[in-house]
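Asker: Have a look at the structure that comes next, please.
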Amino acid sequence: MLSIGNKTAFQTILAYNFGRILSYCTLTLILALAINLGFASVYSELMIPLRTFAGILLVLMGLYICGLSKAILRIESLGRYIWKYVQPFAKSFLPIQTLGQAFGAGMIWGWLPCGLVYSTVLWASSLGSIELSLIAIFGFAMGTLPAMLLAALFSQQFKQIWSHYHLAWIFGISLTCYGLYTIPFIKNLLSNIV
């Protein structure tokens, strides 16, 4: 196993991912605080449009994973405006030689343009309470942890398994269906049918 100083690659990858998880939680907390404290009256009017937009982003991400659409890349490109201010700070963590640098690099990861993360943060922050928002984003982040760890440790083998078992289609379709379900008017329509 690779090592960084006297730390194993697994410890480094773990530190990186805990930084990534904390960044998602921090981003959600900032947005949830703004929505719930600063803009409570506006929030009630924007809740349905925000959830609809977040659902659409999830659908677009699912279609991208399946290879059916690249529309999400246009939305992700908007994140470049934020990233150009964060990128110089990110360089200070490279090359990663300590667990602290790995954790810091993971913290920066949350600010990278990513439709899946942005849509989940937006969805989580629009749930109506700060506690619920943090629980939701933490659940999402922890749910991504096994895949991120496996991808980092066994990237070549993971790529072959991903391709052989058509996992892109499985995950893409699942994400698309979930995204559709989170869109308020579709959710209401389905609940009326069932």
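Values quoted throughout were computed directly from the atomic coordinates according to the rules given, and no laboratory measurement underlies them. Note that this is a predicted model, so its numbers are computed, not measured. Because the Cβ atoms are built from the backbone with ideal geometry, glycine has one as well, and the counts that use them run over all protein chains shown.
Asker: For a quick check: sort 64, 81 by the number of other beta carbons within 10 angstrom, fewest at the front.
Answerer: The most exposed by this proxy come first: 81, 64.
Asker: Hey, what do the phi angles of the stretch 124-129 turn into as Karplus ³J(HN,Hα) couplings, whole Hz, using 6.51/-1.76/1.60 and θ = phi - 60°, x for Gly and Pro?
Answerer: Once θ is set to phi - 60°, the couplings for the stretch 124-129 become 4, 6, 9, 7, x, 9 Hz.
Asker: Continuing with this model, one more query. With label points built 7 Å along Cα→Cβ from the Cα atoms of residue 168 and residue 114, find their separation and express it in nm.
Answerer: 1.9 nm
Asker: Per 0.36 nm of contour for each residue apart, how much would the distance between residue 45 and residue 150 grow if the chain were fully extended, relative to their Cα-Cα spacing?
Answerer: My answer for the length gained is 33.7 nm.
Asker: While we're on this one: Check which residues have an amide H placed less than 5 Å from residue 96's amide H, if you skip close sequence neighbours.
Answerer: none
Asker: With θ set to phi - 60° and the Karplus curve 6.51 cos²θ - 1.76 cosθ + 1.60, what are the ³J(HN,Hα) couplings of the stretch 10-23 in order, to the nearest whole Hz, using x for Gly and Pro?
Answerer: So the J values, rounded to whole Hz, are 5, 4, 5, 5, 5, 4, 4, 6, 5, x, 5, 4, 5, 5.
Asker: Now for a separate question. Run the quick spin-label model on residue 132 and residue 177: label points 7 Å from Cα toward the beta carbon, then report their separation in nm to one decimal.
Answerer: In this crude spin-label approximation the distance works out to 2.5 nm.
Asker: Working out 0.36 nm times the residue gap between residue 192 and residue 34, then minus their Cα-Cα distance, what length gain in nm do you get to one decimal?
Answerer: In short, 53.6 nm is gained.
Asker: Could you sort the peptides 169-177, 119-127 by per-residue average Cβ neighbour count (10 Å cutoff), highest mean leading?
Answerer: Final packing ranking: 119-127, 169-177.
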